[in-house]
Amino acid sequence: MTQFLPISDFWQAPGPILDVRSPSEFAQGHLPEAVSFPLFSDEERAQVGTCYKQQGQETAIELGLELVAPKMVGLVKQAKALAPERQVRVHCWRGGMRSGSVGWLLATSGLDVKLLQGGYKAFRHWVRATLATARPIIIVGGMTGTGKTDILHALRDLGEQVLDLEGLANHRGSSYGALMLPSQPSTEQYENLIAEQWSKFDPQRPVWIEAESRRVGTCRIPNELMGQMEAANTLEVVRSESERLDILVDVYGQANLEELIAATERLRKRLGGLRTQEAVQHIKRGELRAAAAIILTYYDRTYRHDLVRRGKRIPKLDVSAMSVLQAAQRLRCQVGDWGWYSS
């Protein structure tokens, strides 16, 4: 049995999500829970598309059938292995022939199939609409090394709603941000991941987000969300420089030295040739604390300049000598005193 469902019902339906688009389409962006289940390879999809343009729909369909026929048994076996409960969700780009064909095949083989009405294209419309939905936001700012991300994670453990933009991007938002992390998603997939989380937040409670520039590595924060962040209540976490250096050494102390040096060299124009060379020499000698102290001069200067540029005065909260949990508890208590929970 096959049934078309709108995105809201499709999300709630049981079974794995099978994305029958080509591997390159999947890599560009996909539903967060989806499994790549291509009907055509990238090359085969290109062949069918060329045939459609040159010889028409009927010939293109015949070519598609020729390409798919040898795969049919394998597709059924793969689907049954992925869905032991015999329930699957299937989609393609527009909810057309590819998902319809795979849905028919799997239903004929005894699976209960739910198809996404409008396909991935409809999902992307949902993403845009979801990201534009207003939520109360609290922005946590602070200079490099203040442990903002760890504080956000502690807030999440305390039951707060947290959107970890750096975690979703697999990047810490600096020249060193990609070290020891997986490759980044495409910006399109980044939007998909954010929208999925955004849709689950309680609109009556604030969402805590770390202050970010428009890009987190190669991922671009959606304009809809960035606009809300710029208008949100913001506080600045403050720690002593000694603590900040401890945090940075703890985070990056296990990184490959050559990668640390390469990341430092990328700052040469902004840090200056002499300071860059000094920092690199410290890294080569394993003196990461001394290198971090030099590099912080650039990041601190950039942070202050950005505050001046925005002309935004924000309250500071000193969490020096506090553990991550203590800092999170202090933030939560303070914003409650400021009345931000009800804003």
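Shape class for the range 187-234, computed from the alpha carbon gyration tensor (a ≥ b ≥ c): oblate, with a/c not under 1.5 and a/b at or below b/c.
Taking amide hydrogens as placed 1.01 Å from N in the peptide plane, the amide H of Ile137 sits under 5 Å from those of Val207, Asn233, each at least 5 positions away in sequence or on another chain. Quick one: net charge around Gly103, please, counting Lys, Arg +1 and Asp, Glu -1 for every other residue with C-beta under 11 Å from its C-beta. So the environment of Gly103 carries a net charge of +2. The range 173-214 and the range 37-99 have Cα centres lying 33 Å from one another. Karplus-derived 3J(HN,Hα) values for the range 173-185, using 6.51 cos²θ - 1.76 cosθ + 1.60 with θ = phi - 60°, are x, 9, 4, 9, x, 8, 5, 6, 10, x, 5, 7, x Hz; glycine and proline are entered as x. First select every other residue whose beta carbon is under 12 angstrom from the beta carbon of Pro206; then total the charges, Lys and Arg +1, Asp and Glu -1. Local net charge: +1.
Using only the Cα atoms, work out Rg/Rh for the chain, with Rh taken as the Kirkwood radius, to two decimals. It would help to have the intermediate numbers written out before the result.
Values: Rg = 24.7 Å, Rh = 23.1 Å.
Computed over Cα atoms, the ratio is 1.07.
Amide hydrogen proximity for Gln161: with H placed 1.01 Å from N in the peptide plane, the residues at 5 or more positions away or on another chain lying under 5 Å are Trp208. The value of relative contact order for the chain, using C-alpha pairs under 8 Å at least six residues apart, is 17 percent. The apolar share of the surface of the range 119-251, taken as the fraction of accessible area on carbon and sulfur atoms (1.4 Å probe, ligands and nucleic acids excluded), comes to 51 percent. Taken over the C-alpha atoms, the range 243-317 has Rg and Dmax values of 13.8, 41 angstrom.
Each principal axis of the Cα atoms in the range 157-287 has its own extent, and those three values, largest first, are 51, 33, 25 angstrom. When each of the peptides 121-131, 265-275, 168-178 is scored by the mean number of other C-beta atoms lying within 10 Å of its residues, the order from highest to lowest reads 168-178, 121-131, 265-275. How much of the DSSP bridge set in the chain is antiparallel, in percent, rounded to the nearest 5? Antiparallel bridges make up about 5 percent of those DSSP assigns within the chain. One equal scatterer on each Cα of the range 1-135, no solvent, Debye formula: the resulting log10 I(q)/I(0) at q = 0.11, 0.19, 0.20, 0.21 Å⁻¹ is -0.39, -1.09, -1.18, -1.27.
What shape does the range 26-76 have by the C-alpha gyration tensor, where a ≥ b ≥ c are the square roots of the eigenvalues, rounded means a/c under 1.5, and otherwise prolate means a/b greater than b/c and oblate the rest? Oblate, since a/c reaches 1.5 and b/c is not below a/b.
Relative contact order of the range 176-256, please, whole-number percent, based on alpha carbon pairs below 8 angstrom and at least 6 residues apart. Over the range 176-256, the number comes to 40 percent. Calculated on the Cα set of the range 209-343, radius of gyration then Dmax: 17.4, 51 Å. With the whole protein complex present, Trp338 retains an accessible surface near 90 Å², based on a 1.4 Å probe.
List, in the order given, every pair from Lys53/Lys121; Lys53/Lys80; Lys284/Lys316; Lys200/Lys316; Lys200/Lys312; Lys148/Lys284 whose Cα-Cα distance in the structure shown is over 25 Å. In this structure, Lys53/Lys80; Lys284/Lys316; Lys200/Lys316; Lys200/Lys312; Lys148/Lys284 lie more than 25 Å apart at Cα. Please quote Rg/Rh for the range 131-181 to two decimal places, taking the Kirkwood radius as Rh and restricting both calculations to Cα atoms. Taking Rg over the Kirkwood Rh, I get 0.99.
Straight-line cross-link partners of Lys77 among the lysines, defined as a Cα under 26 Å from its Cα and at least 8 positions apart when in the same chain: Lys114.
Ranked by solvent-accessible area (1.4 Å probe, protein heavy atoms only, all chains present), the residues Ile314, Ile194 order from largest to smallest as Ile314, Ile194. Long hydrophobic helices in the chain: the complete DSSP H runs spanning 27 Å or more by Cα along their own axis with mean Kyte-Doolittle hydropathy of at least -1.0 are 288-310.
Which net charge results for the neighbourhood of Leu271, defined as the other residues with beta-carbon distances under 14 angstrom from its beta-carbon, given Lys and Arg at +1 and Asp and Glu at -1? Let's see the in-between values first.
On the way: positive: Arg266, Arg268, Lys269, Arg270, Arg275, Arg301; negative: Glu265, Glu278, Asp300.
Overall, the nearby charge balance is +3.
The values are calculated or read from the model by the stated rules, or taken from the named source; none is laboratory data. None of these values were measured; they are calculated from a predicted model. So basically every Cβ, Gly included, is an ideal-geometry build from the backbone, and we count neighbours across all protein chains shown. Protein only, heavy atoms only, side chains kept; ligands, DNA and RNA dropped before computing areas. Shrake-Rupley method; radii C 1.70, N 1.55, O 1.52, S 1.80 Å.
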